Amino acid sequence: MTITNSRTLDSLDGRIILALDKDPEASALALSRTLGVARNTVHARLARLERSGALRSFSRRLDPAALGYELMAFLSLEISQTRFGSVESGLAAIPEVIEVHATTGDADLMAKVVARGTADLYRITNQILEIDGIQRTSTAISVMELMPPRYDGLISRLSKEESRTAP
């Protein structure tokens with residue numbers, strides 16, 4: 001999901017997100033006390049961050065292995081450009097397809113897929129190939145996650161930006 005609000009995040013947004021990262025269950029009141037900001041301000045900021053898509057769903061933090069999906073793979077997909085809608089809805093109907101990006105280069109789409117093992121990955125790949133508009137796939141299995149998605153460095157930088165530029 002992309003951020004729908006064209007307004008970029010500011011240092012207070014960054015401070016709120018960092019505080020939530022440290023304590024995901026913190027209430028608006030607790031955050032306001034920690035950050036020294038009015039509770040209503042924190043509440044309004046959180047609502048705006050959620051509405052805009054800047055804060056995503058809690059389930060994105062879940063490790064798929066905890067659900068029994070210990071294998072992760074990346075599928076390069078070549079598609080028929082006239083069938084993009086059916087490809088998009090077909091991929092969305094497969095729960096093991098957890099992320100899809102439109103890309104440049106040889107592949108049209110890159111899909112991140114989880115599976116219970118290689119036989120399950122084979123099943124999922126065949127299910128993807130049955131989608132109207134998928135012409136070809138190429139699969140790369142992840143053998144180890146060397147660095148999980150991380151944003152804390154970017155958020156820390158953002159949270160300090162305005163305090164450095166303020167008079």
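The values are calculated or read from the model by the stated rules, or taken from the named source; none is laboratory data. Here the structure is a predicted model, which means the values were calculated and not measured. Please note: Cβ atoms are built from the backbone with ideal geometry, for glycine as well, and neighbour counts cover all protein chains shown. What goes into the accessible areas is simple: the full protein's heavy atoms, side chains included, and nothing from ligands, DNA or RNA. Shrake-Rupley method; radii C 1.70, N 1.55, O 1.52, S 1.80 Å.
Residue check: is E96 over 29 Å from L18 (Cα atoms), open to solvent by less than 30 Å² (accessible area, probe 1.4 Å), within 19 Å of the chain's Cα centre (by Cα) and charged (D, E, K, R)? Spelling it out, E96 is indeed over 29 Å from L18 (Cα atoms), open to solvent by less than 30 Å² (accessible area, probe 1.4 Å), within 19 Å of the chain's Cα centre (by Cα) and charged (D, E, K, R). Taking the listed residues R136, R123, the one that is open to solvent by 50 Å² or more (accessible area, probe 1.4 Å), part of a strand (DSSP E or B) and not β-branched (V, I, T) is R136, with no other qualifying.
Being acidic (D, E) and more than 30 Å from M144 (Cβ to Cβ), is that true of even one residue in the stretch 44-57? Looking through the stretch 44-57, at least one residue is acidic (D, E) and more than 30 Å from M144 (Cβ to Cβ). With respect to the stated conditions, G36 fails to be under 30 Å from S138 (Cα atoms) and surrounded by fewer than 16 Cβ atoms within 10 Å (Cβ to Cβ).
Restricting attention to the stretch 139-151, the residues that are surrounded by 12 or more Cβ atoms within 10 Å (Cβ to Cβ) and not hydroxyl-bearing (S, T, Y) total 1.
Only one entry of T82, T118 meets the criterion of being more than 22 Å from the chain's Cα centre (by Cα) and either within 23 Å of D63 (Cβ to Cβ) or modelled with pLDDT of 95 or more (or both), and that entry is T118.
Go through the stretch 86-115 and give me each residue that's touching a residue at least 40 places away in the same chain (Cβ under 8 Å) and of a type outside the set (K, R).
Taking the stretch 86-115 as the starting set, the residues that turn out to be touching a residue at least 40 places away in the same chain (Cβ under 8 Å) are 86-87, 90-91, 112-115.
The answer is S86, V87, G90, L91, V113, V114, A115.
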